[in-house]
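Trainee: Structure below; questions to follow.
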Amino acid sequence: MYSINLSTINKLFYFALPLGLLSTLITLMPLWERVLVKWFLEDYELGLFALAARIAAISTLIESAFNTAWGPVYLKISNRRSSHRIFSITLKLIALVSSFFLLLMSIFSSNIVEVVGESSYSESQILIFPLVLSICIQLIANVTQVGILIEKKPIYYLISYLLYAIIFTTVFILSVPYLGLISIGWSIAIASLCRAYFVSKLSNKIYKVSWPYFKALAPFSFAVCTAYSISLKGFIPSNYYFKFSLLLVSCLLVLFIFMSLLSKFDKAFLVEIQRRFAHS
């Protein structure tokens, strides 16, 4: 005979229920975004958004790969004395990778649209910058929300995504009469930023980490400003050599800002990682 521990079952239920609701919400959000576009705009704009969302989804490959690797790492090192320093350098590295990817997608957005879609859908390129930006913000937030993961508080995830859904819906409905198609992209980006701020603050209250926000986000902020300028229609010529040169110069500037803001521990940590790769 096996005895049933009701106390354990209750704990599992209260842990699993928010995760189930969260998965449902995350699954339904893309559908809700398309429903709103259908209600307030035309079928053509819905097609433009669908194409841009499919292109921006390339960013989720980076997010999925990072989340798969990050999960075991933060659980393993959370009790170490140096864990906070490792969390900090991880934030800086993820912000750096996000910067490079945002620049890449923004500079070559028109070319990617030509490959994936038809010439009649070229207007969708204006949505790629805010959509990729929102995914980069989520990727960075996956680091700063580590306290919720360590302390196993899934209810806070559910609350943060409910906040995301409310802010996205409100901003889109208020802005679409004035901005048109681009309102869907910026609504998603603004909602992602608000969610990231909320979940990061909440996470830090239950698991304190002295995040180096300025040093980590300074290169990313520069990349955002550069990518936004580039994403403006007609800002740069379609010449591939010019675009590759622009990408190289922009990435080098981002890398220079990143390197100049590293601490001694960060540099030693990167040297150690490089040494391990060299001997592997």
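Trainee: Find, to one decimal place in angstroms, the Kirkwood hydrodynamic radius of the chain, where the mean of 1/r is taken over every pair of different Cα atoms and then inverted. Display every interim value, and only then the final one.
Mentor: Values: mean 1/r = 0.0487 Å⁻¹.
Its Kirkwood hydrodynamic radius stands at 20.5 Å.
Trainee: Taking the number of other C-beta atoms within 10 Å as the exposure measure, put PHE129, PHE222 in order starting with the fewest.
Mentor: Fewest-to-most ranking of PHE129, PHE222: PHE222, PHE129.
Trainee: OK, next. If I model a spin label at THR60 and LEU31 as a point 7 Å from the Cα along the Cα→Cβ vector, what separation in nanometres do I get?
Mentor: 1.4 nm
Trainee: Per the helix-only calculation at 222 nm, which mean residue ellipticity applies to the chain, given -39500 (n - 2.57) for every DSSP H run of n ≥ 4 and division by its residues, nearest 500 deg cm²/dmol? It would help to have the intermediate numbers written out before the result.
Mentor: Details: 12 runs with 235 residues, N = 280.
Only helices count here, giving -29000 deg cm²/dmol.
Trainee: In whole Å, what three semi-axes, largest first, describe the equivalent ellipsoid of region 62-126 built from its Cα gyration tensor (square root of 5 times each eigenvalue)?
Mentor: Values: eigenvalues 278, 30, 7 Å².
Over the Cα atoms of region 62-126, the semi-axes work out to 37, 12, 6 Å.
Trainee: Using a 10 Å cut-off around each Cβ, can you sort MET29, MET105 from fewest to most neighbouring Cβ atoms?
Mentor: Numbers: MET29 16, MET105 24.
Arranged by neighbour count, lowest to highest, MET29, MET105 become MET29, MET105.
Trainee: Using alpha carbon centroids, what distance separates region 200-215 and region 74-115, in Å?
Mentor: For region 200-215 versus region 74-115, the Cα centre distance is 17 Å.
Trainee: Starting from the Cα of ASP43, step 7 Å toward the Cβ, then list every residue of region 159-195 with an amide N under 20 Å from that point.
Mentor: 181
Trainee: Determine, for ARG276, ARG54, the number of other Cβ atoms within 10 Å of each Cβ, and report the residues in order from fewest to most.
Mentor: Working: ARG276 9, ARG54 13.
So the ranking, lowest neighbour count to highest, is ARG276, ARG54.
Trainee: At 18 Å minimum axial length over the Cα atoms and a Kyte-Doolittle cut of -0.5, report the qualifying DSSP H helices in the chain, or say none. Could you put the intermediate results ahead of the total?
Mentor: Details: long enough: 6-40 (49 Å, 1.08); 43-56 (20 Å, 0.91); 58-77 (29 Å, 0.68); 83-107 (36 Å, 1.63); 125-144 (29 Å, 1.98); 154-179 (37 Å, 1.72); 182-206 (37 Å, 0.90); 213-231 (25 Å, 1.02); 240-260 (30 Å, 2.02); 264-279 (23 Å, -0.38).
Span-like helices, by this rule, are 6-40, 43-56, 58-77, 83-107, 125-144, 154-179, 182-206, 213-231, 240-260, 264-279.
We did not get these values from a lab; they are worked out from the coordinates using the rules stated. Since the model is a prediction, treat every value here as computed from it, not as a measurement. Cβ coordinates were reconstructed from backbone atoms using ideal geometry, including for glycine residues, and neighbour counts include every protein chain displayed.
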